[in-house]
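The values are calculated or read from the model by the stated rules, or taken from the named source; none is laboratory data. The model shown is predicted, which means the values in this text are computed figures rather than measured ones. So basically every Cβ, Gly included, is an ideal-geometry build from the backbone, and we count neighbours across all protein chains shown.
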Amino acid sequence: MKKLLLICLLSAAPAFAQGVLLERGVEGASPNLRAVSERVRIRIDRQYAQTVLEQEFDNVSDQRLEGRYVLRTAGATVEGFAYWNGEQKIVGEVFDTENRGLAMLTDWPTLARAIPRLAPQWYDVALRPGTNARAYANALGGLGPGFDVSVNANNPFFLTLVGMIGLLTLMLALVAGLGVLNTVVLTTRERVHDIGVFKALGMTPRQIIVTVVCWVAGTGLAAGLLAVPAGIALHRYVLPVMARSAGTNVPASFLHVYRLDELALLGLSGLVIAVLGALLPAGWAAKVSTASALRAE
């Protein structure tokens with residue numbers, strides 16, 4: 001005989017919950033599963049009620065059973081779920097607010113420990129860029145009549161969202177480039193006499209361009225190297241805060257989304273913006289005549 005203890009943490013005002021453990025393959029109540037105890041703890045803070053539902057079930061048979069726990073709520077949000085299978089404790093974390101928070105995202109090893117012989121009902125496959133989705137679906141469809149393969153259409157909402165994010169990124173880069181342009185123009189005007197001296201000593205126009213660009217290249221590189229870790233830290237802080245405000249959480253895979261090559265390119269973006277912003281005033285400094293530069297004050 002095995003005992004199974006389940007705990008659910010609910011939040012609502014008012015809160016109602018009713019949970020039952022069903023044996024897989026048996027309609028209705030199972031003679032092999034018996035409810036031993038049920039304890040409810042409620043904590044009320046003004047208009048916020050937090051309810052802890054603790055239930056204990058007995059497996060009165062001498063066989064290993066597969067069960068399905070059904071929790072019905074009325075206006076409540078599931079904030080936590082855990083169960084003990086004998087001495088083994090398995091904690092679930094709520095990641096999805098659909099179906100009143102009763103749908104959870106977890107990895108396969110954790111799910112296999114909860115229900116060892118569980119078989120997946122469907123797979124979501126993400127294809128690499130450049131892969132023909134229709135040809136891939138047709139190839140999988142040849143596995144047999146029991147495989148229903150479909151291609152998900154691109155959601156217009158997400159396409160619009162990605163387009164807006166790309167446009168915002170482009171605008172931010174343009175504003176940063178204009179800031180560099182303004183700074184280099186002022187610096188070049190102030191140091192035009194020095195540029196005339198450099199030309200008189202034999203510097204070529206190409207060397208003048210490189211010199212002017214180098215005035216801001218170091219600052220741009222340093223800005224990119226500092227901005228990347230700061231942005232990652234802000235990303236890992238803001239997403240969980242947003243998720244908690246919606247009564248859910250985010251898996252770790254939602255936070256670790258950057259590869260090393262992508263981080264390197266992002267770190268060099270500051271250098272690229274600085275160089276592009278400095279090219280126009282650097283070209284002007286290369287074209288100005290030596291006599292005009294030397295007469296400037």
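Quick one: which residue in ALA223, ALA230 is aliphatic (A, V, I, L, M), buried (at least 17 other Cβ atoms within 10 Å of the Cβ) and out of contact with any Pro (no Cβ under 9 Å at 6 or more places or on another chain)?
ALA223
Quick check on this structure: which one of LEU239, LEU271, LEU279, LEU263 is touching a Gly at 6+ places or on another chain (Cβ under 8 Å), in the same structural domain as VAL213 (by TED's automatic domain parsing) and part of a helix (DSSP H, G or I)?
LEU271
What do you reckon, is VAL149 closer than 30 Å to ALA286 by Cβ, in contact (Cβ under 8 Å) with a residue 12 or more places away in the chain and surrounded by 10 or more Cβ atoms within 10 Å (Cβ to Cβ)?
The answer is no for VAL149.
Do we find that PHE95 is touching a helix residue (DSSP H, G or I) at 6+ places or on another chain (Cβ under 9 Å), modelled with pLDDT of 70 or more and not assigned by TED's automatic domain parsing to the domain that holds ASN249 in this structure?
no
Rundown of residues vs (1) surrounded by 13 or more Cβ atoms within 10 Å (Cβ to Cβ); (2) modelled with pLDDT of 75 or more, yes/no style:
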position	(1), (2)
ARG39	no, yes
GLU56	yes, yes
TYR69	yes, no
THR73	yes, no
